[in-house]
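Here the structure is laid out as structure tokens; the discussion comes afterwards.
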Amino acid sequence: GIDGRVQMIFDQGHWFHSYIQSALHRAGILIQAEVPVVDKKRRIGGRMDGKVKWKGEIMALEVKTMNSFRFAKGKITPFEDNVFQNSFYADHLGIEKILFLYFNKDTSELAVHIKPVNKVFAKLANEKIDHVLESVKTDTIPRRSCRSASSEKAISCPFRTLCFK
């Protein structure tokens with residue numbers, strides 16, 4: 001089970017998502033909260049925080065809560081992993097921009113970034129998904145860049161013995 005402190009962190013994040021989604025809805029900005037992103041052909045799915053309309057443009061919404069230490073970086077630019085995931089979601093739904101809303105839970109400060117979908121990340125996400133699905137079909141382990149058991153990455157990998165039987 002999860003200890004109480006960790007559960008409270010998760011609960012705060014969920015509460016803040018609901019709070020922001022409600023505020024954006026009341027302001028007439030939120031089109032849809034918790035937007036399903038489903039690829040039936042590949043049998044995969046995910047959920048985008050929302051879809052918003054801002055200054056006449058439809059955008060994906062990404063909401064994140066964080067402490068002051070992490071917020072110091074998030075205030076400057078969106079985190080790469082957030083851009084990666086949301087570029088995949090938005091691109092899949094035909095959306096061209098992402099609105100990142102970061103909340104500092106220590107100070108209640110907000111940071112907002114509007115960025116175009118990163119097409120390179122969207123393409124890379126699709127390639128990774130296809131690689132994993134192909135590995136499932138062929139009952140092989142999805143290796144990234146290890147060519148042999150003696151390659152630098154393989155030597156330190158805990159799955160080395162499974163990949164190179």
Checklist line | Residue in the stretch 139-160 that is out of contact with any Leu (no Cβ under 9 Å at 6 or more places or on another chain), modelled with pLDDT of 90 or more and either within 21 Å of residue 17 (Cα to Cα) or buried (at least 17 other Cβ atoms within 10 Å of the Cβ) (or both) present | finding: no
Check: Name the strands (runs of 3 or more DSSP E) wholly within the stretch 24-101 that hold at least 1 residues that are more than 15 Å from residue 112 (Cα to Cα), aliphatic (A, V, I, L, M) and touching a residue at least 40 places away in the same chain (Cβ under 8 Å)?
Finding: 30-39, 44-54
Next item on the list: Determine which member of the set 132, 120, 112 is among the β-branched types (Val, Ile, Thr), over 13 Å from the mean Cα position of the chain (by Cα) and at pLDDT below 95.
Entry: 132
Next item on the list: Run down 165, 123, 115 and say which single residue is part of a helix (DSSP H, G or I) and open to solvent by 60 Å² or more (accessible area, probe 1.4 Å).
Entry: 123
Margin query: Can you confirm whether residue 107 is within 26 Å of residue 41 (Cβ to Cβ), surrounded by fewer than 18 Cβ atoms within 10 Å (Cβ to Cβ) and of a type in the set (Val, Ile, Thr)?
Written below: no
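The values are calculated or read from the model by the stated rules, or taken from the named source; none is laboratory data. This is a predicted model, so every value here is computed, not measured. Backbone-built Cβ (ideal geometry, glycine too); neighbour counts: all protein chains shown. What goes into the accessible areas is simple: the full protein's heavy atoms, side chains included, and nothing from ligands, DNA or RNA. Shrake-Rupley method; radii C 1.70, N 1.55, O 1.52, S 1.80 Å.
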